[in-house]
Amino acid sequence: MKKIEAIIRKSKFSEVKEALHEIDVNFFSYWDVTGLGNEKVGKVYRGVSFSTNDIQRRQLAIIVNDDFEQITIDTLLKSASTGEVGDGKIFVSDVSETYRIRTGEKGADTLK
């Protein structure tokens with residue numbers, strides 16, 4: 001099993017969510033995050049322009065079986081991309097075991 005974490009633009013979240021549902025990834029966690037990156041965001045406050053490095057993004061955590069890893073990554077790459085600096089990152093790590101709390105069962109079937 002794999003854990004796929006993606007940090008994406010908030011403006012792309014609806015599109016990413018719909019694309020994931022189309023490939024039957026129907027469960028994932030997400031939260032709003034603030035980070036620093038190469039993108040420079042300009043702000044105007046009371047007529048004064050200034051730049052900030054704090055970037056608002058949405059982070060997704062998706063657990064999939066090994067055979068579903070690449071299709072999930074390809075879907076994220078396609079649906080989250082604008083072609084501009086600041087589109088985000090995808091991180092993949094191994095998951096050694098999962099458990100379903102309600103029944104106590106463990107293994108890949110808990111992801112269904």
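The values are calculated or read from the model by the stated rules, or taken from the named source; none is laboratory data. Here the structure is a predicted model, which means the values were calculated and not measured. No Cβ is skipped: glycine too gets one built from the backbone with ideal geometry, and neighbour counts run over all protein chains shown. Areas reflect the complete protein model, heavy atoms only, side chains present, ligands, DNA and RNA absent. Shrake-Rupley method; radii C 1.70, N 1.55, O 1.52, S 1.80 Å.
Just give me the residues in the range 69-80 being touching a residue at least 60 places away in the same chain (Cβ under 8 Å) and either of a type outside the set (Asp, Glu) or open to solvent by 50 Å² or more (accessible area, probe 1.4 Å) (or both), in sequence order.
In the first step, residues of the range 69-80 are kept if they are touching a residue at least 60 places away in the same chain (Cβ under 8 Å); the result is 69, 72-73, 76, 79-80.
The answer is THR72, ILE73, LEU76, SER79, ALA80.
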Quick one: in the range 82-106, which of the residues that are hydrophobic (A, V, I, L, M, F, W, C) and farther than 22 Å from GLU69 by Cα is most open to solvent (accessible area, probe 1.4 Å)?
-> ILE101
Find all pairs meeting these conditions: Cβ atoms under 9 angstrom apart; at least six residues apart or on different chains; first residue within the range 87-102 and in a strand (DSSP E or B); second residue of a type in the set (D, E, K, R) and surrounded by fewer than 13 Cβ atoms within 10 Å (Cβ to Cβ).
-> TYR99/GLU105; TYR99/LYS106
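Residues that are over 30 Å from ASP109 (Cα atoms) and modelled with pLDDT under 95: does the range 62-72 have at least one?
no
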Please work out which one of (1) modelled with pLDDT under 95; (2) surrounded by 13 or more Cβ atoms within 10 Å (Cβ to Cβ); (3) under 13 Å from the mean Cα position of the chain (by Cα) is the condition PHE27 fails and give its number.
-> (2)
